[in-house]
Amino acid sequence: MAEQYYYALGSVLAIVMATGLLYNLLGKRNGRGEGNAVAAANATTTTTTEISGVYRSKKDDDVDVIIVGAGVAGAALAHTLGKDGRRVHVIERDLTEPDRIVGELLQPGGYLKLIELGLQDCVEDIDAQRVFGYALFKDGRNTRLSYPLEKFHSDVSGRSFHNGRFIQKMREKAATLPNVRLEQGTVTSLLEEKGTIKGVQYKNKNGEEVSAYAPLTIVCDGCFSNLRKSLCKPKVDVPSCFVGLILENCELPYVNHGHVILADPSPILFYKISSTEIRCLVDVPGQKVPSISNGEMAKYLKTVVAPQIPPQLQDSFIAAIDRGNIRTMPNRSMPAAPHPTPGALLMGDAFNMRHPLTGGGMTVALSDIVVLRDRLRPLLDLNDAPTLCRYLESFYTLRKAVFDHGLPVASTINTLAGALYKVFCASPDEALKEMRQACFDYLSLGGVCSQGPVSLLSGLNPRPLSLVVHFFAVAIYGVGRLLLPFPSPKRVWIGAKLITGASGIILPIIKAEGVRQMFFPATVPAYYRAPPVH
């Protein structure tokens, strides 16, 4: 009964507090007018190359869209636009199968987007594993959190797999369309004429410098993008690094579930990526990790990490370390901050990144593709670059706004990823320790206390207000644990710091995402942009 009381109290107070805080943030936020967008559209940067104005008539070999990069976003976008009849030229630096340690978990919400795009068969025949939820471990206790899939077809669930196999399947499917051309080449710059992007300059497979032209260039060249500075104001943060291993000859405690260990100093993840392999990702805070070459990393993993993982995984974990195939990957976070540029658009990790703890990156990318596809479908002609740019500004708002058709998930997943990572990391601060424990206990309550957050995590519930309510409900639940049955001055002080700390975690993330776009999209002029009429 006490636990139910905590939740009821938390829910009521969270709604009141969240509404007040969001309105306060909205009042302080500086709106950007239409003039700023036009000025930004005319800005030039060092990653563009000026070209002389030349009129090019419509030819059979012309393309409608150039896509830079054929990763998850680029390959899925190429197939989607090609299926809609667009002539697409994809330029990818390396068309061999990628080998990465991230991008291996697709949430159920992402799988639904895959179905909407007609790409669900790309998770077949790659030994993908179904995922039905998460198991959370902390201080010898554990709890299982299942995805709320009761209302969906039996095929709907998460999927985990080798990232490279998934990408190759999407590339192969895109290449089957006669109007999609995949080419291996390295794009060196965007071609610009009077503030409008006209195409790209690239080196082809033979090392020759080639120029390609199209009315619309979409940059999807990933987290290491060298073109994004032309099209946005990147503020890349690297809060931590992942250390990746593959475990063999063992089973996870909960079959078909991802496993999150709330370890010290930060979380450890386990999930199957094939019928015989388990991916382990050890989060190491900061931008530096122990050296692999001199054995410091192996020592760190064996002495610090191994004792904190479930006992049934420890032998395989040690064996994986001894095999020596240890890999690292910086975890990047970057809010979407584009300046609208005629003739060009950013997508995928080149455009927007969040901490990969929640496995939401591919879901956001696929959701963005659905929104962009729907924006482009009414357009027969893409050649009026300034008008097209003004119209596509609506994409930046609609990818974050919750409306009746499509339910984009970008802002909710981005906010959840950033907030959850900060809560799940160990801290010497008493208030943050209480917040971390309160989060574990709140999720362990079951019912709406677990289904609500898990539906947000899975991409099945994109509503940002639900995220804010549950986040502050966790904080108030933590305060209730501190104050009942007998409050003391110290506990009151820690409780106050807990609320302040919770606000300090989530509100800056919401501000970076855009309060108006998330909660009040109808106040953003671009929300109402209609397709240009010719």
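Restricted to the stretch 186-208, and to residues there that are outside any strand (DSSP E or B) and without any contact (Cβ under 8 Å) to a residue 24 or more places away in the chain, the residue that is least open to solvent (accessible area, probe 1.4 Å) is G207.
Looking at D221, is it surrounded by 20 or more Cβ atoms within 10 Å (Cβ to Cβ), in contact (Cβ under 8 Å) with a residue 12 or more places away in the chain and part of a loop (DSSP other than H, G, I, E, B)? Spell out how you get there, then give the answer.
Numbers: surrounded by 20 or more Cβ atoms within 10 Å (Cβ to Cβ): yes; in contact (Cβ under 8 Å) with a residue 12 or more places away in the chain: yes; part of a loop (DSSP other than H, G, I, E, B): yes.
So D221 fits the description; yes.
Checking every residue in the stretch 433-452 against the condition of being aromatic (F, W, Y), under 30 Å from R516 (Cβ atoms) and within 27 Å of the chain's Cα centre (by Cα) gives at least one match. Which condition does A438 not pass, out of (1) at pLDDT 95 or above; (2) under 22 Å from E104 (Cβ atoms); (3) buried (at least 24 other Cβ atoms within 10 Å of the Cβ), if it passes all the others? Among (1) at pLDDT 95 or above; (2) under 22 Å from E104 (Cβ atoms); (3) buried (at least 24 other Cβ atoms within 10 Å of the Cβ), A438 violates only (2). V371 passes every criterion in (1) under 29 Å from L191 (Cα atoms); (2) of a type in the set (A, V, I, L, M, F, W, C); (3) in contact (Cβ under 8 Å) with a residue 60 or more places away in the chain apart from (3). One residue alone among L382, L357 is more than 26 Å from Y213 (Cβ to Cβ), touching a strand residue (DSSP E or B) at 6+ places or on another chain (Cβ under 9 Å) and aliphatic (A, V, I, L, M), and that residue is L357.
Assess whether G418 counts as being outside the structural domain of V469 (by the TED database) and either farther than 30 Å from L227 by Cβ or buried (at least 24 other Cβ atoms within 10 Å of the Cβ) (or both). Spelling it out, it is not the case that G418 is outside the structural domain of V469 (by the TED database) and either farther than 30 Å from L227 by Cβ or buried (at least 24 other Cβ atoms within 10 Å of the Cβ) (or both).
None of C232, C280 is over 30 Å from A214 (Cβ atoms), surrounded by 20 or more Cβ atoms within 10 Å (Cβ to Cβ) and not small (G, A, S) except C280. When you look at R100, is it open to solvent by 30 Å² or more (accessible area, probe 1.4 Å), in contact with a helix residue (DSSP H, G or I) (Cβ under 7 Å, 6 or more places away or on another chain), in the same structural domain as L117 (by the TED database) and of a type in the set (K, R), yes or no? Yes, satisfied. For the stretch 169-180, what are the residues that are open to solvent by 30 Å² or more (accessible area, probe 1.4 Å) and either of a type outside the set (K, R) or free of Cβ contacts under 8 Å to residues at least 40 places away in the same chain (or both)? The answer is E172, A175, T176, L177, P178, N179. Taking each residue of the stretch 476-496 that is touching a residue at least 12 places away in the same chain (Cβ under 8 Å) and over 13 Å from L432 (Cβ atoms) and looking for partners that are part of a helix (DSSP H, G or I) and polar (S, T, N, Q) with beta-carbon atoms closer than 9 Å, six or more apart or interchain, yields I476/S11; R481/Q437.
In this entry, E183 is excluded by the filter for residues that are in contact (Cβ under 8 Å) with a residue 12 or more places away in the chain and farther than 23 Å from A75 by Cβ. Looking only at the stretch 266-306, residues that are farther than 22 Å from K422 by Cβ, part of a loop (DSSP other than H, G, I, E, B) and among the β-branched types (V, I, T) come to 3 in all.
The residue that is farthest from the chain's Cα centre (by Cα), counting only those in the stretch 502-521 that are part of a helix (DSSP H, G or I) and buried (at least 21 other Cβ atoms within 10 Å of the Cβ), is A502. Which residues, taken from the stretch 56-81, are more than 21 Å from I197 (Cα to Cα) and modelled with pLDDT of 95 or more? G71, V72, A75, A76, H79, T80 - these are the residues of the stretch 56-81 that are more than 21 Å from I197 (Cα to Cα) and modelled with pLDDT of 95 or more.
If you go through the stretch 127-136 and keep only what is open to solvent by 30 Å² or more (accessible area, probe 1.4 Å) and out of contact with any Lys or Arg (no Cβ under 7 Å at 6 or more places or on another chain), you end up with D127, F132. Of the residues making up the stretch 355-399, those that are open to solvent by 20 Å² or more (accessible area, probe 1.4 Å) and outside any helix (DSSP H, G or I) number 6. Of the helices (runs of 4 or more DSSP H) that lie entirely inside the stretch 419-489, those containing 3 or more residues that are β-branched (V, I, T) span 464-483.
When R327 is tested against (1) closer than 19 Å to P239 by Cβ; (2) surrounded by fewer than 19 Cβ atoms within 10 Å (Cβ to Cβ); (3) out of contact with any strand residue (DSSP E or B) (no Cβ under 6 Å at 6 or more places or on another chain); (4) charged (D, E, K, R), exactly one condition is not met: (3). For the stretch 339-354, the tally of residues that are in a helix (DSSP H, G or I) and within 22 Å of D283 (Cα to Cα) stands at 1. What are the residue pairs meeting all of these: first residue in the stretch 290-318, first residue farther than 18 Å from F270 by Cα, second residue open to solvent by 30 Å² or more (accessible area, probe 1.4 Å) and among the aliphatic types (A, V, I, L, M), Cβ atoms under 7 Å, and 6 or more apart or on different chains? Note: pairs meeting the criteria are M297/V289. Scanning the stretch 147-168 for any residue that is open to solvent by less than 20 Å² (accessible area, probe 1.4 Å), β-branched (V, I, T) and within 30 Å of L262 (Cβ to Cβ) turns up at least one such residue.
The values are calculated or read from the model by the stated rules, or taken from the named source; none is laboratory data. Keep in mind that this is a model prediction, so the values were computed, not measured. No Cβ is skipped: glycine too gets one built from the backbone with ideal geometry, and neighbour counts run over all protein chains shown. Each accessible area value is taken on the protein alone, full model and side chains, heavy atoms only, with ligands, DNA and RNA left out. Shrake-Rupley method; radii C 1.70, N 1.55, O 1.52, S 1.80 Å.
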